[in-house]
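Values quoted throughout were computed directly from the atomic coordinates according to the rules given, and no laboratory measurement underlies them. Remember, predicted model here, so these are calculated numbers, not experimental data. Glycine gets a Cβ as well: all are built from the backbone with ideal geometry, and neighbour counts include every protein chain shown.
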Amino acid sequence: MPRLDVVLVNPCSRPQVYQSLGATLTAIENPVWAGLMATFCRTHGLSVAVIDAEAEGLGHDAVAERVKELNPVLAAVVVYGHQPSASTQIMTASGQVATAIKETTPDQPVLMLGGHVAALPERTLREERTDYVAAGEGLYTLVALVEALKTPVPALSQVPGLFCRDGGVIRQTAGKPLVTDLDGTMPGIAWDLLPMPRYRAHNWHCLDGSARQPYAALYTTLGCPYHCSFCCIQAPFKAGEEAAGNKKTANSYRAWSPDAVIAQIDTLVNTYGVRNIKIADEMFVLNRKHITGICDRIIARGYDLNIWAYTRIDTIKDGMLPKLKAAGFNWLAVGIEAGADRVRADVDKQFDQDQVFRVVSDIRAAGINVIGNYIFGLPEDDLDTMQSTLDMAVELNCEFSNFYSAMAYPGSPLYTLAVERNLPLPATWTGYSQHSRDCLPLPTRYLPAREVLRFRDAAFQRFYTGVDYLRMVGEKFGDGTVADIRRMTAHTLDRDLLTGKLAVPPTLLPRDDGMARQRDAGVVQLGVR
């Protein structure tokens with residue numbers, strides 16, 4: 001029997017990242033990238049297995065034992081979370097599982113790949129118990145590395161986008177451009193390799209009381225055409241292009257055809273009985289032709305789905321919303337970010353207040369629930385502007401709201417700024433999690449990190465215990481939902497920064513004339529007003 005080529009590992013990180021929230025409230029999401037990588041490997045003739053330690057609740061040692069039993073040519077630890085910023089959050093667990101594999105089977109070759117890894121490839125190779133690190137998306141690297149390791153003398157220099165050790169020196173090979181033929185080489189997720197009954201939707205996804213399982217997440221596009229300074233989504237795409245010699249990064253945004261997307265949904269509905277679906281695209285509501293093609297196919301099949309997806313205030317066009325609702329899009333997550341124009345403009349979110357209220361009203365008028373996404377502690381934030389953000393959230397009174405602290409995620413322009421200005425960054429990767437006990441946000445030009453985190457946590461409680469909010473969800477979803485919300489707010493997050501266990505100097509972002517930073521197709525101004 002031929003030896004298994006590759007095992008893709010999704011580490012278990014929920015307890016570290018979410019504290020008590022991870023037990024029942026957070027989603028248990030299928031590893032989208034691991035599933036896509038499995039398909040890519042299969043289309044290139046490789047045999048694949050996936051270990052989803054997150055879904056199965058497997059500790060690092062248990063994963064290592066399973067890898068030992070499977071004895072693959074390559075074990076690949078996939079460092080991607082529920083969304084781009086979650087890649088760094090799970091890096092602690094990813095490093096632990098890589099270490100466990102090497103301690104259990106020292107000769108087992110290990111590769112690490114993913115968004116965080118692409119942002120910090122050399123550091124990852126220096127600090128972690130991994131033999132190899134992939135730049136960029138890592139798909140071509142993964143396949144070529146397996147093929148090289150199957151030869152008596154692996155020609156690692158021929159593996160694209162690879163970081164490896166050569167004695168005490170780190171070597172990097174030239175890369176390949178991004179995968180463009182999505183339908184042909186990666187037509188969907190390898191659902192048959194995943195423990196599908198274990199996945200569950202977010203608590204808010206089913207506020208109407210419907211069952212949270214089964215559940216699935218999938219991409220219909222990759223990348224993003226936008227370049228918000230607080231976002232790290234471009235890290236794997238930019239790294240891949242630069243490794244291929246393209247210093248001026250191409251647009252990372254690519255799409256599967258509507259036919260390929262509906263084929264995946266057909267499988268989810270008809271094979272696994274899935275109704276709750278997350279469209280994981282960083283920006284789904286963007287291309288009218290793409291959206292219409294997918295919605296028309298769902299509507300034609302008569303599926304009764306409960307879907308959510310991301311949008312921006314300025315990407316919703318006339319006529320989109322009724323079609324989305326008819327196809328089963330019951331939730332749209334909207335990046336509102338801040339309640340002050342100057343704060344949004346500073347991070348490339350240039351739309352006015354009236355537009356925010358108008359678009360949210362239009363979404364709700366179409367029968368679609370709104371998830372408002374807000375960030376406290378953006379570079380231009382002070383106490384007054386953060387209060388404006390909270391006031392806007394209370395006035396909009398969305399069916400659900402996410403309150404974040406601004407983080408300098410590796411791969412984002414804010415991270416580059418923080419490193420260059422020697423600002424305090426989390427000492428551990430879990431410190432980049434919004435909900436971890438060692439969470440450490442970025443300071444603003446006016447406030448230290450401690451005040452940002454204190455305001456964020458108080459804002460969460462203020463919103464979800466508000467009389468108007470509880471009345472609205474009670475009228476819309478019923479008394480059971482109100483009880484669920486109250487159980488959610490009963491969870492108290494331990495914060496070392498607020499109790500003094502995490503000591504950082506009260507540093508502020510510099511308030512000077514700023515600096516210009518070359519990025520992708522142009523220049524973005526950070527700190528310039």
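In this calculation the C-beta distance from ARG165 to LEU508 is compared with R0 = 35 Å, giving a FRET efficiency of 0.35. Under a model in which nothing but the beta-carbon of Lys, Arg (+1) and Asp, Glu (-1) is charged, the chain shows a dipole of about 180 debye around its Cα centre.
How large is log10 I(q)/I(0) at q = 0.05, 0.12 Å⁻¹ when the Debye formula is applied to the Cα atoms of the chain, each weighted equally and without solvent? The calculated log intensity ratios at q = 0.05, 0.12 Å⁻¹ are -0.19, -1.19.
Assuming charge only on the beta carbon of Lys and Arg (+1) and of Asp and Glu (-1), the dipole of segment 162-202 about its Cα centre is about 260 debye to the nearest 20. Separation of segment 124-178 from segment 335-378 is 42 Å, based on Cα centroids. Between ARG421 and THR489, the distance separating the two model label sites (each 7 Å from Cα on the Cα→Cβ line) works out to 3.5 nm. Placing R0 at 60 angstrom, the Cβ-Cβ distance between PHE357 and LEU156 gives a FRET efficiency of 0.60 after rounding to 0.05. Cysteines of the chain lacking any other cysteine Cβ under 4.7 Å from their own Cβ: CYS12, CYS41, CYS164, CYS206, CYS224, CYS232, CYS295, CYS398, CYS439. From most to least packed by mean Cβ count within 10 Å, the peptides 411-418, 493-500 give 411-418, 493-500. Under the combined filter of DSSP loop state and at most 14 neighbouring Cβ atoms within 10 Å, segment 399-463 retains none of its GluC sites (Glu not before Pro). For segment 120-196, trypsin sites (Lys or Arg not before Pro) are listed when DSSP marks them as loop and at most 14 other Cβ atoms sit within 10 Å of their Cβ; the list is LYS150. Over the chain, dividing the summed -39,500 (n - 2.57) contributions of all DSSP H runs of at least 4 residues by the number of residues returns a 222 nm mean residue ellipticity of -11000 deg cm²/dmol. Here the calculated FRET efficiency for ASP314 and GLU395, from their Cβ-Cβ distance with R0 = 22 Å, stands at 0.65, rounded to the nearest 0.05.
Full extension of the chain between THR292 and GLU69 yields a length gain of 75.7 nm, computed as 0.36 nm times the residue separation minus the alpha carbon distance. For segment 6-172, the residue among THR105, VAL73, THR141 whose Cα projects farthest onto the positive side of the dipole built from Cβ charges is THR141.
Using just the C-alpha positions of segment 182-420 as equal point scatterers, what log10 of I(q)/I(0) does the Debye formula give at each q in 0.11, 0.12, 0.14 1/Å? The Debye formula, applied to the Cα set alone, gives -0.63, -0.75, -1.01.
Think of each Lys and Arg Cβ as +1 and each Asp and Glu Cβ as -1; about the Cα centre, that makes the dipole of segment 182-420 roughly 940 debye.
Modelled spin labels at THR465 and ASP259, positioned 7 Å past Cα toward Cβ, are 5.6 nm from each other. Size of segment 6-172 from its Cα atoms: along the principal axes, largest to smallest, the extents are 48, 29, 29 Å.
For the cross-link pairs LYS68/LYS278; LYS102/LYS176; LYS102/LYS278; LYS349/LYS501, the ones whose C-alpha atoms lie over 30 Å apart are LYS68/LYS278; LYS102/LYS278; LYS349/LYS501. From the alpha carbon centroid of segment 395-468 to that of segment 196-210 is 26 Å. Each of the peptides 424-430, 292-298 was scored by the mean count of other Cβ atoms within 10 Å over its residues; in descending order, highest first, they stand as 292-298, 424-430. Hey, for a label at GLN172 modelled as a point 7 Å past Cα toward Cβ, could you say which residues of segment 103-130 have their backbone N under 20 Å away? Of the residues in segment 103-130, 111-130 have backbone N under 20 Å from the label point off GLN172. The orientation-averaged projection of the convex hull spanning the C-alpha atoms of segment 42-117 amounts to 5.3 square nanometres. For a straight C-alpha distance cut-off of 17 angstrom, the aspartates and glutamates reachable from LYS325 (same-chain residues fewer than eight places away being disregarded) are ASP208, ASP296, ASP304, ASP362, GLU399.
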